[in-house]
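Undergrad: What follows is a single structure, and I will ask about it in a moment.
The values are calculated or read from the model by the stated rules, or taken from the named source; none is laboratory data. It should be emphasised that the depicted structure is a prediction, and the values quoted were computed from it without experimental measurement. Here the Cβ is made from the backbone with ideal geometry for all residues, glycine too, and neighbour counts use every protein chain on show.
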């Protein structure tokens, strides 16, 4: 489908105005138009360097390692056995006996 004469003139006027108002942008557009176009399916693909691929790979490996480390070390925490847990009494402030057991009492030191 070709453009009409009026459309061609309008586009030419816009191009001239663009070149007059912003010459650096017009030069960049000219450079893009002069570069060879790819016609294969990869013409719209992003170009990625090998360095970028290596950096992304190393980042994934490090983050995976950190996640595994956190998961493995989080499982090693052990609660004390129930017989060693002392709950402070709300009345006296002294530790009470664990459930089902007897409280240990310490004898005051006797001075000679």
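Condition check ((1) surrounded by 10 or more Cβ atoms within 10 Å (Cβ to Cβ); (2) modelled with pLDDT of 65 or more; (3) on the phi < 0 side of the Ramachandran plot; (4) not in a loop (DSSP other than H, G, I, E, B)) across all residues:
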{"residue": "25", "(1), (2), (3), (4)": "yes, yes, yes, yes"}
{"residue": "32", "(1), (2), (3), (4)": "no, yes, yes, yes"}
{"residue": "47", "(1), (2), (3), (4)": "no, yes, yes, no"}
{"residue": "51", "(1), (2), (3), (4)": "no, yes, yes, yes"}
{"residue": "58", "(1), (2), (3), (4)": "yes, yes, yes, yes"}
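Undergrad: With surrounded by 10 or more Cβ atoms within 10 Å (Cβ to Cβ), outside any helix (DSSP H, G or I) and either modelled with pLDDT of 65 or more or in contact with a strand residue (DSSP E or B) (Cβ under 9 Å, 6 or more places away or on another chain) (or both) as the only criterion, which of 38, 9, 19 stands out?
TA: After ruling out the rest, the residue left standing is 38.
Undergrad: Which condition from (1) at pLDDT 80 or above; (2) assigned to a loop (DSSP other than H, G, I, E, B) is the one that residue 76 breaks?
TA: For residue 76, the exception is condition (1).
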